[in-house]
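Accompanying notes for the structure given below.
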Amino acid sequence: MDGSLLPDPYILALTGFGVLVALVAWLPLVLKRLPLSLPIVCIALGAALFSLPQMTIRPLPLDHPEITERFTEFVVIIALMGAGLKLDRIFDWRRWAVTWRLLGVTMPLGIAAIALLLGGGLGMPWVIALLLAASLAPTDPVLAADVQVGPPKTGEEDEVRFGLTSEAGLNDGLAFPFVHLAIALAAVAGTGEPWFVEWFTYRVLWEIGAGVGAGWLIGRAFGWLTFHVPAETKLAKTGDGLIALSATLVSYGLTEIIHSYGFLAVFVTAVAFRHAHRDHDFQLQMHAVTEQIERIAMMVLLLVFGGALVSGLLAPVTWADVGIAAVILLVIRPVTGLIGLIGFRADRSEKLTLAFFGIRGVGSFYYLAYGLNHMEVAGAERLWGLVGLIVLMSVLLHGLTVTPIMRSLDRQQGRDPDAEEATPPPGLQGPARL
């Protein structure tokens, strides 16, 4: 055949991207009542696409370490802004009790348990076990959309959905000190140099404190510019939800410039931004824009993940790794989740759901990429294989069970999961203005 008759790769790429955008808009409607999730479909499509003979690219993370780190970083910060904007519940230490339990008890116990399992069960060096544990402990804000609260002001915010959303929003930033701890221990291995004081004062106290403080200030500033300046110049007048993207990038960029945790800052910025005027319809527009960007970026990343799976990502995985992955997902997260919820006032079904849906995903990819890009590690292929396996198993396990479990939970609590509109639960809406 004449080569001139073959489609231009650029035209094919445009066509494919158009199909991808259509799927982003259409698939959530199709999958709403099915025991299937959008991430599962995306991974399957990616695996099929990269299995074609014409596809010669092997999208393995070790072959593209910088791109892997940066792209996963971008997807996570967009998801964090979306998670913060859709929380109806006003910030209050008592009302956020479920969050503090999952962060202060469940996550540290999960990191310790995973590190012990990998170091003792697989015989990994303890520094590598700690890096993997810190990467695998946080609940993912990107792939957990089906168990999170609904858009702003829709009322889709029961205790389970709120707990999983707020946990996913905050634990990504709070896992970072443990990633840095692994990096610090690897750097001083065999030298005996002191490390604890610098790690604790800088990586824990400063970076967490500055991240929270900077995120709050930036959120307040964007809230004032959007809702409270004189009527003719307030940003809400633009009707352009891209302002949320601006807040995301500014918050992340400025906090990273001052060497603090940008993930933490972005979520805090979103919560403070939402609190500036909780009932304004512009909140819905901002959330809609972030959700669309997040879904497109997530689908691209999962297509590539599917391609990595058929390109040999799981080749180094052993049956022992499969057993370890099952223990992490089916034992460690549920057990540590239930321990964190001891004494918490909630139904047994709510506690079990909170404990079970510890979804692992894009955040785990980012932390592993970041750690491997900042320390010398032998056998990185196996680490990527193990994390890829755990994310794949999590996507399948949680994706196939999320619809029936959440629909059953809604019915138990007297809600119709098929209702077109929900009524906001009482007591969760704050004042219109501060």
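The values are calculated or read from the model by the stated rules, or taken from the named source; none is laboratory data. Everything quoted here is computed from the prediction, not taken from an experiment. Reconstructed Cβ throughout: ideal geometry from the backbone, glycine too, with neighbour counts over all protein chains shown. The area values use the complete protein model at the heavy-atom level, side chains included, leaving out ligands, DNA and RNA. Shrake-Rupley method; radii C 1.70, N 1.55, O 1.52, S 1.80 Å.
Quick grid of which residues meet (1) buried (at least 24 other Cβ atoms within 10 Å of the Cβ); (2) free of Cβ contacts under 8 Å to residues at least 12 places away in the same chain; (3) on the phi < 0 side of the Ramachandran plot:
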| position | (1), (2), (3) |
| --- | --- |
| Gly82 | yes, no, yes |
| Asp92 | no, yes, yes |
| Trp100 | no, yes, yes |
| Met107 | yes, no, yes |
| Val142 | yes, no, yes |
| Thr154 | no, no, yes |
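Suppose we keep only residues that are at negative phi and in a loop (DSSP other than H, G, I, E, B) within segment 400-415. Which one would you say is least open to solvent (accessible area, probe 1.4 Å)? Looking at the filtered set, the residue picked out is Gln413. Would you mind stating whether Met1 is open to solvent by 30 Å² or more (accessible area, probe 1.4 Å), modelled with pLDDT under 90, touching a Gly at 6+ places or on another chain (Cβ under 9 Å) and not in a helix (DSSP H, G or I)? Here the answer is no, as Met1 does not meet what is asked.
Screening Asp88 against (1) closer than 21 Å to Gln292 by Cβ; (2) of a type outside the set (A, V, I, L, M, F, W, C); (3) in a helix (DSSP H, G or I) leaves a single unmet condition, (3). Quick one: would you say Leu181 is open to solvent by 10 Å² or more (accessible area, probe 1.4 Å), over 30 Å from Val271 (Cα atoms) and assigned to a helix (DSSP H, G or I)? Against the criterion (open to solvent by 10 Å² or more (accessible area, probe 1.4 Å), over 30 Å from Val271 (Cα atoms) and assigned to a helix (DSSP H, G or I)), Leu181 does not qualify. Inside segment 213-243, residues that are in a loop (DSSP other than H, G, I, E, B) and either open to solvent by less than 30 Å² (accessible area, probe 1.4 Å) or not basic (Lys, Arg) (or both) make up a count of 9. Of all the residues in segment 247-257, those that are touching a residue at least 24 places away in the same chain (Cβ under 8 Å) and open to solvent by less than 80 Å² (accessible area, probe 1.4 Å) number 6.
If you check Thr72, Thr68, which single one turns out to be open to solvent by less than 10 Å² (accessible area, probe 1.4 Å), among the polar types (S, T, N, Q), in a helix (DSSP H, G or I) and out of contact with any Gly (no Cβ under 7 Å at 6 or more places or on another chain)? Full working, then the answer.
Working: Thr68 fails: open to solvent by less than 10 Å² (accessible area, probe 1.4 Å).
Going through Thr72, Thr68 in turn, the sole match is Thr72.
What single numbered condition from (1) of a type in the set (Val, Ile, Thr); (2) free of Cβ contacts under 8 Å to residues at least 12 places away in the same chain; (3) outside any loop (DSSP other than H, G, I, E, B) fails to hold for Thr191? Result: Thr191 passes all but (3).
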